[in-house]
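One structure is given here, and the rest of the page talks about it.
The values are calculated or read from the model by the stated rules, or taken from the named source; none is laboratory data. Keep in mind the model is a prediction, meaning the values are calculated, not measured. Here Cβ is always computed from backbone atoms with ideal geometry, including for glycine, and neighbour counts include all displayed protein chains.
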Amino acid sequence: MISIVNQFIKKVFDRLFGNKKHIKIGLYGPPNGGKTTIANRICTDWLGEEMGQVSHIPHETREVKVKEQINIKSGRKELSFSLVDTPGIATKIDYEDFVKAGLSTRESKKRAKEATKGVIDAIKWLDEMDAVIVVLDSTKDPYSQVNITIIGNLEARKIPVLIVANKVDLKKSNIKKLQAAFPQYEVIGVSAKYGTNIDRMYEAFFTIAR
């Protein structure tokens, strides 16, 4: 009898104040989509500090990074989570691409090796995720092998997903194309650089965290 009463009280409090719990939310996506820029925006907004370094050269993030105890609020709802920023997922990593971007051959080979390990680690970390934010460049074709691979892995694990279409500040941005490519998920267009629609993104966190 006491257990039933306790369950009833919990449900009432959840409805009134939101279901506060701590989870792991991962940032996934191809290189240079803006994952770390999104991570920095989240951490700056709620912790007052950035999470990682960004660069125009692909695979700047080559190790999984975790920021603990981020608490976001929306009205009476509150969510506590660890944010996991992962290396960009790629089906092919060629050191010559880094050479073309201006790095030395030695630096390029080292970066390619680290990036390859980072992709493997990112996939392994999927088993730790309670929810995933897939960050995609809204100016690029969503029907890529990398995107299909990421979404396929998430669907196989039945992990809740939010797709964040970044770079809506650019003229080539096409949110409708992303929505057509992944109709099974909510797609929110944002500009991590300028903060466009970031509040809407935060609100969506509560949906995927259920």
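Of Y202, Y143, which residue is aromatic (F, W, Y) and not in a helix (DSSP H, G or I)?
Just a single option satisfies the conditions, and that option is Y143.
Quick check on region 99-111. Is at least one of its residues touching a residue at least 40 places away in the same chain (Cβ under 8 Å) and on the phi > 0 side of the Ramachandran plot?
Yes, region 99-111 contains a residue that is touching a residue at least 40 places away in the same chain (Cβ under 8 Å) and on the phi > 0 side of the Ramachandran plot.
Given the criteria hydrophobic (A, V, I, L, M, F, W, C), at pLDDT below 90 and either surrounded by 18 or more Cβ atoms within 10 Å (Cβ to Cβ) or in contact with a Leu (Cβ under 9 Å, 6 or more places away or on another chain) (or both), does F81 qualify?
Details: hydrophobic (A, V, I, L, M, F, W, C): yes; at pLDDT below 90: no; either surrounded by 18 or more Cβ atoms within 10 Å (Cβ to Cβ) or in contact with a Leu (Cβ under 9 Å, 6 or more places away or on another chain) (or both): yes.
No; evaluated as a whole, the condition is false for this residue.
Among the numbered criteria (1) assigned to a strand (DSSP E or B); (2) surrounded by fewer than 17 Cβ atoms within 10 Å (Cβ to Cβ), which one does I133 miss?
(2)
Can you find a residue in region 183-190 that is of a type in the set (S, T, Y), outside any helix (DSSP H, G or I) and surrounded by 13 or more Cβ atoms within 10 Å (Cβ to Cβ)?
yes
Kindly check whether there is at least one residue in region 58-71 that is polar (S, T, N, Q), closer than 30 Å to K110 by Cβ, part of a loop (DSSP other than H, G, I, E, B) and at pLDDT below 85.
Of region 58-71, the ones polar (S, T, N, Q) are 61, 69, 71.
Now restrict to residues that are closer than 30 Å to K110 by Cβ: 61.
Filter once more, keeping what is part of a loop (DSSP other than H, G, I, E, B): 61.
Retained after the next criterion (residues that are at pLDDT below 85): 61.
Yes; the residues of region 58-71 include at least one that is polar (S, T, N, Q), closer than 30 Å to K110 by Cβ, part of a loop (DSSP other than H, G, I, E, B) and at pLDDT below 85.
Being under 15 Å from the mean Cα position of the chain (by Cα), more than 15 Å from T37 (Cα to Cα) and assigned to a strand (DSSP E or B): is that true of I89 here?
Details: under 15 Å from the mean Cα position of the chain (by Cα): yes; more than 15 Å from T37 (Cα to Cα): yes; assigned to a strand (DSSP E or B): no.
For I89, the condition - under 15 Å from the mean Cα position of the chain (by Cα), more than 15 Å from T37 (Cα to Cα) and assigned to a strand (DSSP E or B) - is not met.
On the given criteria, is I150 surrounded by fewer than 14 Cβ atoms within 10 Å (Cβ to Cβ), among the aliphatic types (A, V, I, L, M) and closer than 19 Å to I93 by Cα?
Answer is no for this residue.
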